[in-house]
1. Residues of region 16-55 being farther than 20 Å from residue 77 by Cβ, part of a helix (DSSP H, G or I) and in contact (Cβ under 8 Å) with a residue 12 or more places away in the chain, which ones?
2. Only residues that are over 12 Å from the mean Cα position of the chain (by Cα), closer than 16 Å to residue 18 by Cβ and modelled with pLDDT of 95 or more: list them for region 82-103, please.
3. For region 52-61, state whether one or more residues are in contact with a Ser or Thr (Cβ under 9 Å, 6 or more places away or on another chain) and on the phi > 0 side of the Ramachandran plot.
4. Does residue 128 fit the bill of being more than 12 Å from the chain's Cα centre (by Cα), of a type in the set (D, E, K, R) and surrounded by fewer than 15 Cβ atoms within 10 Å (Cβ to Cβ)?
5. Condition check: surrounded by 12 or more Cβ atoms within 10 Å (Cβ to Cβ) and of a type in the set (A, V, I, L, M). Does residue 63 satisfy that?
6. Which residue is farthest from residue 24 (Cα to Cα), if the candidates are limited to region 56-72 and must be part of a helix (DSSP H, G or I) and over 14 Å from the mean Cα position of the chain (by Cα)?
7. Please work out if residue 111 is at pLDDT 95 or above, within 20 Å of residue 10 (Cα to Cα) and part of a helix (DSSP H, G or I).
8. Restricting to region 16-30, name every residue that is surrounded by 14 or more Cβ atoms within 10 Å (Cβ to Cβ) and not hydroxyl-bearing (Ser, Thr, Tyr).
Amino acid sequence: MAMRTKRKQLIIWLFEHSEKIYTKYFKSNTPWGFYKKDLLHYPKNSFGYHLGTFLDKNNFELIPKVERHDCYHVLTGYGTQVEDEIALQYLCFGNGKRSLYLFAVLILGTIILPDYMTYYIRSYIKGKRANSFYHFDFKKLLNISIVDLRRAIFLKSYITLINL
């Protein structure tokens, strides 16, 4: 168990140090300019409010240029433990997302923390079965009901009914 803890600490260190490099040199999108307190003013059933409560619960603020990452957490219900972060990237990979950072997390996360491989595979399958969402402009969806958004993404039959 102590060895697993050390491996998790290594991954946390890698996340913390790679995030700054990634956002500075590889992300060109414009930051949202939102803070947690702004999101908490959205209606209680909205995606924006749930994003704000996620940030508040975890004592986070949105990271400029990579705000969508926290959106993925809120949509999928994945936590912020190391294994959840890796599993979330597997889900995004299954959903069609491709990036250098994602590939690095998949490779290093799997090598350093293979204990959760079953979880990672289930996450990949969940992403594969979901309607594509990795490319959404989540800033435009902050007023949408969280329940409706999750249904639209994770229940294929829901989309089929809408298209009838």
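1. Selection gives 18, 19, 22, 23, 37, 38.
2. Pass one, region 82-103, residues over 12 Å from the mean Cα position of the chain (by Cα): 82-83, 94, 96, 98-101, 103.
Narrowing further to those that are closer than 16 Å to residue 18 by Cβ: 82, 99-101, 103.
If the condition is that a residue be over 12 Å from the mean Cα position of the chain (by Cα), closer than 16 Å to residue 18 by Cβ and modelled with pLDDT of 95 or more, then 82, 103 are the ones that fit.
3. Taking every residue of region 52-61 in turn, none turns out to be in contact with a Ser or Thr (Cβ under 9 Å, 6 or more places away or on another chain) and on the phi > 0 side of the Ramachandran plot.
4. Details: more than 12 Å from the chain's Cα centre (by Cα): yes; of a type in the set (D, E, K, R): yes; surrounded by fewer than 15 Cβ atoms within 10 Å (Cβ to Cβ): yes.
Yes.
5. Answer is yes for this residue.
6. Taking region 56-72 and keeping what is part of a helix (DSSP H, G or I), we get 56-57, 67-72.
Then keep just the ones that are over 14 Å from the mean Cα position of the chain (by Cα); that gives 56-57.
Working: 56: 25, 57: 27 Å.
Within region 56-72, the match that is farthest from residue 24 (Cα to Cα) is 57.
7. Details: at pLDDT 95 or above: yes; within 20 Å of residue 10 (Cα to Cα): yes; part of a helix (DSSP H, G or I): yes.
Taking the combined requirement at face value, the residue satisfies it.
8. Initially, region 16-30 is screened for residues surrounded by 14 or more Cβ atoms within 10 Å (Cβ to Cβ), giving 18-19, 22-23, 27.
Across region 16-30, the qualifying residues are 19, 27.
The values are calculated or read from the model by the stated rules, or taken from the named source; none is laboratory data. Just so you know, these numbers come straight off a predicted model, no measurement behind them. Neighbour counts are summed over all protein chains in view; Cβ atoms, including those assigned to glycine, are modelled from backbone coordinates with ideal geometry.
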